[in-house]
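> One structure, pasted below without further comment.
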Amino acid sequence: MRDIGIDVEVPTGEWDGDENCPFHGSLRLRGQVLEGTIAKIGMQNTIVIERNNVRFMQKYERYEKRTSALAAHLPSCIGEVSLGDRVKVMECRPLSKTVTFCVVENAGGVL
Ligand SMILES: [Zn+2]
């Protein structure tokens, strides 16, 4: 198992031979580490996470909430995930048109 260079728990799930796995395969991670909530599952090895951004709007003197969606590769060794789980993703090379991040840790659901 490879050391991916950031402090995350090593996943315990089974590896399915996917080369695009930072722990077992040859996928190299670099760049940004982001956290989000799983908003969409069901695609093969891909999930969509949502991130909340709160920013101040000068004109209305109010805070504005925005969410942004981000597609990420889900290596099989991360194991089962469900909607609402908090996950950590890290930037990698583009794996498809929309996927440039890979899930590196699942913190599970937050109550
Ligand atoms: Zn793996």
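The values are calculated or read from the model by the stated rules, or taken from the named source; none is laboratory data. In this text, all values refer to a predicted model and were calculated from it rather than measured experimentally. Don't worry about glycine lacking a Cβ; one is built from the backbone with ideal geometry, like all the others, and counts go over all protein chains shown.
> Quick one: in the range 5-19, of everything that is farther than 18 Å from E80 by Cβ and either of a type in the set (G, A, S) or near the ligand (Cβ under 9 Å from one of its atoms) (or both), which residue is surrounded by the most Cβ atoms within 10 Å (Cβ to Cβ)?
Looking at the filtered set, the residue picked out is G5.
> State the number of residues belonging to the range 42-57 that are of a type outside the set (K, R), assigned to a strand (DSSP E or B) and within 15 Å of the chain's Cα centre (by Cα).
8
> Look at I47 and say whether it is within 16 Å of the ligand (Cβ to nearest atom) and modelled with pLDDT of 95 or more.
On the way: within 16 Å of the ligand (Cβ to nearest atom): yes; modelled with pLDDT of 95 or more: yes.
Taking the combined requirement at face value, the residue satisfies it.
> Looking at (1) surrounded by 10 or more Cβ atoms within 10 Å (Cβ to Cβ); (2) under 27 Å from H24 (Cβ atoms); (3) without any contact (Cβ under 8 Å) to a residue 60 or more places away in the chain, which is the only condition P75 fails?
(3)
> Moving on to the next point. Is it fair to say M1 is in a strand (DSSP E or B), more than 20 Å from G109 (Cβ to Cβ) and within 16 Å of the ligand (Cβ to nearest atom)?
no
> What pairs come up if the first residue lies in the range 87-106 and is assigned to a strand (DSSP E or B), the second is among the basic types (K, R), and their beta carbons are under 6 Å apart, counting only those six or more places apart or on different chains?
Short answer, once both residue conditions are applied: V104/K88; E105/K88.
> Please go through (1) part of a loop (DSSP other than H, G, I, E, B); (2) more than 9 Å from the ligand (Cβ to nearest atom); (3) without any contact (Cβ under 8 Å) to a residue 60 or more places away in the chain for A39 and return the number of the only condition it doesn't satisfy.
(1)
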